[in-house]
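Some notes on the structure that comes next.
The values are calculated or read from the model by the stated rules, or taken from the named source; none is laboratory data. Note that this is a predicted model, so its numbers are computed, not measured. For neighbour counting, all protein chains shown are included, and Cβ atoms are generated from backbone atoms with ideal geometry for every residue, glycine included.
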Amino acid sequence: MENVDLLLTNAIVLTMDEQMHQYEPGAVAVRGDSIVAVGPETDLLANYSSAVKIDCGGKLLMPGLVNAHTHVPMTLLRGLADDLRLDVWLQGYMMPVEREYVSPDFVRLGTKLACAEMIRSGVTSFADMYYFEDDIADATAEAGMRAVCSQSIMKFPTPDAQSYEESLAYCRDFIQRWKGHPLIVPSIAPHAVYTCTPEILRASAELAVEYDIPLHTHISETALEVENVRREQGMPVVPYIKKMDLFEAKVLAAHCVHIDEGEMRTLKHVGAGVAHNPSSNLKLASGIAPVKKMLDQGLNVGIGTDGPASNNDLDMFEEVRLAAFLAKGSSGDPTALPASTALLMATRMGAQAMHIGNITGSLQPGKRADLILVEIDLLHNSPRFRRHPQGTYAQVVYASKSTDVSDVMINGRWVMRNRELLTLDEKALLFASRDYAQRIDAFLIQREQSVLSKLIAIGGATEEESFEVQVKVRIDNPDKFVQAVEAAPVEIVRRRHYRQYDTYFCFSDPEQGMLRYREDTFVGDQGEITGVRSRLTLIGVAIERSYPKKVLLSRSRFLAPATQSLRFYREYFKPIYELEVEKERRRFLVSYKETEFFINVDQIEKPTGLGAFLEIKSRTWSRADADLKSKLVAELIVLLGASLSDALSEDYVDMARQGNK
């Protein structure tokens with residue numbers, strides 16, 4: 001008789017192996033960190049002995065659940081900003097807070113909170129993607145959990161790196177430190193095609209191949225992502241990243257909500273795994289992944305919770321149930337994704353998708369002892385019918401809850417016994433998390449009171465204190481004044497022709513100024529569109545000075561690139577009302593008496609009825625300079641044949657506001 005360290009007996013054993021064996025009463029023998037034998041209780045008692053025997057009391061004994069995609073430190077951001085679109089949620093709230101607060105201390109605390117939550121809900125392995133992944137790995141190993149820890153790489157500065165080169169160097173050191181660890185599989189995570197350059201994607205794949213580690217990335221999460229890649233690259237997301245050599249590595253592809261069958265075949269051919277995230281995709285309205293079609297193609301599809309800031313929990317029982325229901329509801333087929341398949345996705349198939357299926361995900365000899373005990377003799381899960389073997393899977397998927405998990409073993413070590421956590425101090429973690437919440441609350445409350453702070457938070461804003469000598473004159477014939485500029489005794493430095501579409505966000509506090517979202521369409525000599533650009537400008541309150549002919553207007557300006565849609569900025573800044581100005585502009589940068597001026601010949605198309613204007617402006621930095629330029633502006637007005645008596649100092653938005661009253 002062979003001696004082992006532990007015998008678990010009197011259990012309903014779901015192995016989740018290739019044959020989906022069940023044993024009742026069943027038993028499992030464990031030695032060290034691994035499973036030695038699984039089978040009928042009578043067989044194991046006849047062949048194995050142990051000083052430690054545990055009677056499971058008729059509970060369900062099964063592999064621990066596998067969370068195939070998450071961002072565990074974001075437990076500290078749970079509930080921070082809900083009911084928002086993905087871009088507003090990510091760019092407007094998550095990333096600004098992360099830039100401010102994410103640190104090694106932050107990720108260690110957030111990781112331990114997540115591990116406590118996942119252990120309580122029967123999760124034994126997870127795939128993470130975040131910053132300071134070395135500290136996440138350390139905290140995870142300390143908690144006794146198994147994880148694929150993926151270091152994020154992006155094209156812009158992140159909390160743990162100022163450049164992607166720095167991120168790659170950090171990642172290399174991280175991989176070297178953790179490669180071969182019994183619980184941690186290091187991984188690299190080029191975040192997504194929209195946050196990474198081709199150089200980043202290729203470099204990440206090369207590093208993953210060099211060390212034979214998984215590569216974790218987001219693929220086709222939203223329709224907008226897919227649309228942008230098609231427009232910019234001329235192909236769908238999966239072919240594009242294949243072109244970037246990403247599939248040379250062992251890829252774990254999160255989401256895959258918007259992929260077609262050709263892309264599925266590509267993923268299958270290259271051995272990629274997919275992480276389906278039903279709650280997150282629904283909450284962020286990203287869509288419903290075509291899971292049944294992926295499974296029909298033979299893909300390994302796991303189930304993930306995504307981060308607890310976009311779900312908002314790490315409850316895999318909830319995710320498995322929802323995955324099954326979504327597949328049925330979206331296909332109109334109640335037989336789609338049966339309970340046994342849904343549970344398989346959360347165990348063996350999920351581990352295979354994460355590229356760790358050789359060591360975990362099922363109860364089989366030689367695999368690690370990652371297992372859980374689940375009570376099923378409870379009010380919400382009674383009675384139990386035994387006539388069909390599928391019934392037990394249905395009980396787990398459709399009726400069991402995470403709170404039914406009583407015991408968890410990972411790598412042959414108990415991390416929870418009789419619902420008591422053995423590796424983590426739950427009360428201390430909750431206390432520390434409250435302190436972070438108070439600090440982040442204070443930061444956001446202050447930020448939300450300032451349009452400028454919100455602009456700076458999303459990145460790219462630069463201050464430009466602008467004092468402009470500026471005058472407008474009503475004109476009847478724009479073409480006449482274009483010709484007048486061309487013929488005037490001035491040096492024309494540059495000519496431009498635009499169609500400009502301005503949306504002004506106005507706020508309840510006038511001292512906040514106005515935020516202008518501008519789309520410039522460049523027009524060529526033949527009237528063709530030659531380019532488009534978008535910009536944001538936060539325009540401060542106007543300060544007029546007493547210069548002749550109303551020629552000085554002073555405003556503070558903060559400029560930022562407009563990398564998101566108008567809809568994004570509308571939902572993020574929440575103006576109380578908007579004003580629109582559309583115009584066709586002929587712009588000239590000229591030098592007159594060794595002084596540069598912008599001369600704009602504008603036809604206002606919206607609001608209707610405003611007409612056409614000649615506008616001359618120049619930046620200035622001193623009272624004396626402004627005095628000189630105001631006189632030169634007056635000279636230019638006369639020189640171009642306009643009347644000084646028609647001079648105005650109002651901006652177009654002021655005219656639009658007056659027209660709306």
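Counting only helices (runs of 4 or more DSSP H) that fall entirely inside the stretch 171-285 and contain at least 1 residues that are among the aliphatic types (A, V, I, L, M) and under 24 Å from Asn67 (Cβ atoms), the qualifying elements are 198-211, 237-243, 261-269, 278-283.
Determine whether the stretch 171-179 contains at least one residue that is surrounded by fewer than 15 Cβ atoms within 10 Å (Cβ to Cβ) and basic (Lys, Arg). Yes, the conditions are met somewhere in the stretch 171-179. Within the stretch 37-71, how many residues are among the hydrophobic types (A, V, I, L, M, F, W, C) and in contact with a Pro (Cβ under 8 Å, 6 or more places away or on another chain)? So the count comes out to 2.
Screening Ile604 on (1) in contact with a helix residue (DSSP H, G or I) (Cβ under 9 Å, 6 or more places away or on another chain); (2) among the β-branched types (Val, Ile, Thr); (3) in contact (Cβ under 8 Å) with a residue 60 or more places away in the chain shows it passes everything except condition (3).
Against the definition (touching a residue at least 24 places away in the same chain (Cβ under 8 Å), surrounded by fewer than 18 Cβ atoms within 10 Å (Cβ to Cβ), touching a Phe, Trp or Tyr at 6+ places or on another chain (Cβ under 8 Å) and on the phi < 0 side of the Ramachandran plot), how does Lys401 come out, yes or no? So Lys401 passes the test.
Counting only residues that are surrounded by 14 or more Cβ atoms within 10 Å (Cβ to Cβ) and polar (S, T, N, Q), the stretch 484-532 holds 4 of them.
Applying the criterion of at least 1 residues that are touching a residue at least 24 places away in the same chain (Cβ under 8 Å) and of a type in the set (Val, Ile, Thr) to the helices (runs of 4 or more DSSP H) found wholly in the stretch 36-126 leaves 95-101, 104-120. For the stretch 463-485, the criterion of a residue being in the same structural domain as Thr563 (by TED's automatic domain parsing) and under 31 Å from the mean Cα position of the chain (by Cα) is satisfied by at least one position.
If you go through the stretch 533-578 and pick out every residue that is loosely packed, with under 12 Cβ neighbours inside 10 Å, part of a strand (DSSP E or B) and modelled with pLDDT of 85 or more, you end up with 1.
Name the residues in the stretch 1-52 that are more than 47 Å from the chain's Cα centre (by Cα) and of a type in the set (A, V, I, L, M, F, W, C), would you?
If the condition is that a residue be more than 47 Å from the chain's Cα centre (by Cα) and of a type in the set (A, V, I, L, M, F, W, C), then Met1, Leu44, Leu45, Ala46, Ala51 are the ones that fit.
A search for C-beta distances below 8 Å between a residue of the stretch 300-326 that is within 22 Å of Leu80 (Cβ to Cβ) and any residue that is in a loop (DSSP other than H, G, I, E, B) and among the acidic types (Asp, Glu), counting only pairs 6+ apart in sequence or on different chains, returns Thr305/Asp313; Thr305/Asp315; Asn312/Asp82. Scanning the stretch 584-616 for residues that are in a strand (DSSP E or B) and at positive phi yields a single hit, Gly611. In the stretch 367-384, the residues that are farther than 17 Å from Met416 by Cβ reach residues that are buried (at least 24 other Cβ atoms within 10 Å of the Cβ) and of a type in the set (S, T, N, Q) with C-beta atoms within less than 7 angstrom, at least six apart or across chains, in these pairs: Lys367/Thr360. Scanning the stretch 245-263 for residues that are closer than 30 Å to Leu84 by Cβ, out of contact with any strand residue (DSSP E or B) (no Cβ under 8 Å at 6 or more places or on another chain) and among the hydrophobic types (A, V, I, L, M, F, W, C) gives a single hit, Val257.
Out of all the residues in the stretch 219-247, which are polar (S, T, N, Q), in contact (Cβ under 8 Å) with a residue 40 or more places away in the chain and more than 17 Å from Thr266 (Cβ to Cβ)?
Step one: filter the stretch 219-247 for residues polar (S, T, N, Q), giving 220, 222, 228, 233.
Narrowing further to those that are in contact (Cβ under 8 Å) with a residue 40 or more places away in the chain: 220, 222.
Listed by number, the list holds a single entry, Thr222.
Evaluating Ala624 against the criteria (1) over 41 Å from the mean Cα position of the chain (by Cα); (2) not in a helix (DSSP H, G or I) leaves one unmet condition, (2). Within the stretch 370-407, the set of residues being closer than 18 Å to Gly144 by Cβ and out of contact with any Lys or Arg (no Cβ under 8 Å at 6 or more places or on another chain) comprises Leu371, Ile372. Output the residue which, of all residues in the stretch 411-459 that are among the acidic types (Asp, Glu) and within 30 Å of Ile54 (Cα to Cα), is surrounded by the fewest Cβ atoms within 10 Å (Cβ to Cβ). Per the criteria, the residue is Glu420. For the stretch 609-626, a residue qualifies if it is at pLDDT below 90 and either of a type in the set (Gly, Ala, Ser) or surrounded by fewer than 16 Cβ atoms within 10 Å (Cβ to Cβ) (or both), and the qualifying residues are Gly609, Ser618, Trp621, Ser622, Arg623, Ala624, Asp625, Ala626. From the set of residues in the stretch 158-170 that are without any contact (Cβ under 8 Å) to a residue 12 or more places away in the chain and assigned to a loop (DSSP other than H, G, I, E, B), which is surrounded by the fewest Cβ atoms within 10 Å (Cβ to Cβ)? Result: Gln162.
Screening Asp33, Asp55 for residues that are at pLDDT 95 or above and touching a Lys or Arg at 6+ places or on another chain (Cβ under 7 Å) leaves exactly one candidate, Asp33.
Consider the stretch 9-21 and keep the residues that are farther than 17 Å from Gly357 by Cβ and touching a Leu at 6+ places or on another chain (Cβ under 6 Å). The one that is surrounded by the fewest Cβ atoms within 10 Å (Cβ to Cβ) is Ile12.
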